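Throughout, read-outs are computed from the coordinates displayed, never taken from laboratory work. Worth saying up front: this structure is predicted, and the values here are computed from it rather than measured. So basically every Cβ, Gly included, is an ideal-geometry build from the backbone, and we count neighbours across all protein chains shown.
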There are 2 protein chains.
Amino acid sequence: MTYCVGLCLAQGVVMLSDTRTNAGLDNISTFSKMQTVENPGERAMVLLSAGNLAITQAVWNLLQPGVWLNGTQQRLTDVPDMFAGAQLVGAAVRAVQAMDGPSLMAQGIGFDCSLLLGGQIAGQPPRLFLIYNAGNFIEATRDTPYLQIGEHKYGKPILDRVLTFDTPLKRGVALCMISMDSTIRSNLSVGPPLDLAVIPTDGLGIAFRRRITEDNAYYRIVKEGWSNALRDAYLNLPEPDLLLRSDAGG
Amino acid sequence: MTYCVGLCLAQGVVMLSDTRTNAGLDNISTFSKMQTVENPGERAMVLLSAGNLAITQAVWNLLQPGVWLNGTQQRLTDVPDMFAGAQLVGAAVRAVQAMDGPSLMAQGIGFDCSLLLGGQIAGQPPRLFLIYNAGNFIEATRDTPYLQIGEHKYGKPILDRVLTFDTPLKRGVALCMISMDSTIRSNLSVGPPLDLAVIPTDGLGIAFRRRITEDNAYYRIVKEGWSNALRDAYLNLPEPDLLLRSDAGG
């Protein structure tokens, strides 16, 4: 399993992924699920992937020499805009499906693959896309400024409650860490180290790219601080006497 | 969809369920998923159900006249212990599977059904079981004093972080409400009103049984208070400057 989350906020793009892969519970490994494309001052993109590792690695490898799109062979380093970038990733997914899909199907294995592509090209706003296994995709918006792939449920409530398009970038990083920690605590197949990348709006470069290990000081603060904060928040809620009174009504 | 959660704590059993059912997004109804069995001073049980409504209603109906178990026809009102109660519910599930399973399979519909049975019989400790669609079951323990059925992921992180066997009963009710609210916020197919039942240890009766509507004062406190508390907790976490410093290391 995997958990990846991307934010597209007023101040920029935040991308966070775990690194755990498993082919059965007894075959657990560490693979980065983050790839970057950068031409400082002109474009910066981050691609996160979830699903069958053979498929997502093939997608990334096909993207390197370029994939045919709209009659020309294009690469993420030269697509004219982020929408074309998402189309290109979708075309690579479809190319892998054409190559490997029938053999996978013959083995009863689904074509399991989803990707997040976030970033900015000079003169255009930052954008964030979720590309599905059919090669089609959706885009994050001001109303819903985050997208997730993989094991998304455990880490969703905190994003739903707190995140807005105007959340400051640093706060967005903290929220992604909380969302990731909630997922890691509840699903053994999602685990550290984590890969974090931040693309500030109009920075046109990857300002931060970190491999965050379990003993990273801030990660420890999030893990312990958030658990304690949740415990305090719950203890500060009033006891349900009101609810349990026999005359409480509906 | 459905979300039901049961706790088996030192001070007693808490059972909470939503009431939303759906046969497609355009066919949403309210059905209680909670059934009770009570002989005050001798036994009290609560049964919660998730899955195909036709199956879970059939399970409850078969339990009324009694189901054959270990050579005799038994009812929840006369099983000798909670383990036999879970066996009896499992036997009813298997009886419905025998009746309806082949026709469902012919329509390509899975046999989707799971149940929580919690309660106490005089002279024995309170117990809580999760009965699967195959009729087999697991029991909550001191290590893991809660069980969930239905849409369980959104509401699990708060239970994992805070709940212990020694959590006071009232606090357990508050935790169930928080867990339910997290689920309702993230999954449209889980919704109020809620059904709550509490069986205090050695009370041998259902001390509280409430239908909790959306305008219930305590439910509103949980909804608003928890959102605010989470927001505060997140705002009180330090900003990730430590993480984003270029010399931050791993």
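Values as computed for the structure displayed
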| quantity | calculated |
| --- | --- |
| Computed P(r) (all Cα pairs; segment A:3-231; 10 Å bins; percent) | 8, 34, 36, 18, 4, 0 |
| Burial ordering of A:LEU194, B:LEU117, fewest other beta-carbon atoms within 10 Å first | A:LEU194, B:LEU117 |
| Net charge over other residues, Cβ less than 13 angstrom from the Cβ of A:SER182 (K, R count +1; D, E count -1) | +3 |
| Set of lysines with alpha-carbon distance to A:LYS33 below 28 Å, sequence-local pairs under 8 removed | A:LYS153, A:LYS156, A:LYS170, A:LYS223, B:LYS153, B:LYS156 |
| Over chain B, relative contact order from alpha-carbon pairs under 8 Å, at least 6 apart, % | 27 percent |
| Between segment A:154-179 and segment A:26-47, the alpha-carbon center distance in angstrom | 21 Å |
| Sorted by Cβ neighbour density within 10 Å, fewest at the top, the residues A:LYS156, B:LYS33, A:LYS223 | A:LYS223, A:LYS156, B:LYS33 |
| Crossing angle, helix A:217-236 versus chain A [Cα axis fit, 0-90 degrees, rounded to tens] | 40 degrees |
| Alpha carbon convex hull of segment A:168-229, projected area averaged over orientations, nm² | 4.6 nm² |
| Principal-axis tilt of helix A:53-63 within chain A, Cα atoms, nearest 10 degrees | 50 degrees |
| Principal axis dimensions, segment B:43-154 - Cα atoms, whole angstrom, descending | 46, 40, 18 |
| Top positive-direction residue, dipole computed over chain B with Cβ charges, set B:TYR154, B:SER227, B:GLY12 | B:GLY12 |
| Given charges at Cβ of Lys, Arg, Asp, Glu: chain B dipole, positive-most of B:SER29, B:GLY205, B:ALA84 | B:GLY205 |
| Cα-based helix-to-principal-axis angle, A:169-186 vs chain A, degrees rounded to 10 | 80 degrees |
| Selected from B:SER103, B:ALA140, B:PRO126, residue furthest toward positive end of dipole (chain B; charges at beta carbon) | B:PRO126 |
| Translational diffusion coefficient (Stokes-Einstein; Kirkwood radius from C-alpha pairs) of segment A:116-224 at 20 °C, 1.002 mPa s, in µm²/s | 142 µm²/s |
| For the protein assembly as shown, Kirkwood radius (reciprocal of mean inverse C-alpha pair distance, Å) | 24.7 Å |
| The protein assembly as shown, dipole about Cα centre (Lys/Arg Cβ +1, Asp/Glu Cβ -1), debye to the nearest 20 | 20 debye |
| Viscosity 1.002 mPa s, 20 °C: Kirkwood-radius Stokes-Einstein D of segment B:141-181 over Cα pairs, µm²/s | 205 µm²/s |
| Rule-of-thumb Rg ratio for segment A:10-105 [Cα; 2.2 N^0.38 Å; N residues] | 1.19 |
| Exposure proxy ranking, count of Cβ atoms within 10 Å, fewest first, for B:SER186, A:SER32, A:SER179 | A:SER32, B:SER186, A:SER179 |
